[in-house]
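Heads up, the thing below is written out as structure tokens.
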Amino acid sequence: MGEYRTQMKIIGDILSTTRDDLQDEDGATVTYLIRKANISHSRISTLLKTLVSQGLLERGDYQGSNRYKISQSGREFLQAYNSFTKFADNFGLNI
């Protein structure tokens, strides 16, 4: 059985997806993020609201649907998160 992901890991996955996986400038749809993060609609909705309110994601409207893009603060957060994750891994800790 696989390991459960922490909320921090899921947030890292969402931010990474909005930074790396997008082909266009319009941002990621909720459906796309649900598939990539492999979590329920209700859970991702809560996380997206939090990430937007904290300034880590930007929400936009494109052709009637909400789209999400990583902000500059989100990029800085993700960089720090990745650095800390590598640091913790060196000590055998899971974040």
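The values are calculated or read from the model by the stated rules, or taken from the named source; none is laboratory data. Note that this is a predicted model, so its numbers are computed, not measured. Cβ sites come from the backbone with ideal geometry, for glycine too, and all protein chains shown count toward neighbours.
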| Residue tally, condition part of a helix (DSSP H, G or I) and either within 11 Å of the chain's Cα centre (by Cα) or surrounded by 16 or more Cβ atoms within 10 Å (Cβ to Cβ) (or both), over segment 54-84 | 5
| request: Taking the residues in segment 21-56 that are at positive phi and among the small types (Gly, Ala, Ser) as candidates, determine which candidate is modelled with the highest pLDDT. | output: GLY55
| For segment 1-53, list the helices (runs of 4 or more DSSP H) that sit wholly inside it and hold at least 2 residues that are more than 13 Å from the chain's Cα centre (by Cα) and farther than 17 Å from THR85 by Cα; which are they? | 41-53
| Does THR31 satisfy the condition of being among the hydroxyl-bearing types (Ser, Thr, Tyr) and in contact with a His (Cβ under 9 Å, 6 or more places away or on another chain)? | yes
| task | Evaluate the following for GLU25: is it in contact (Cβ under 8 Å) with a residue 60 or more places away in the chain and not hydrophobic (A, V, I, L, M, F, W, C)? | result | no
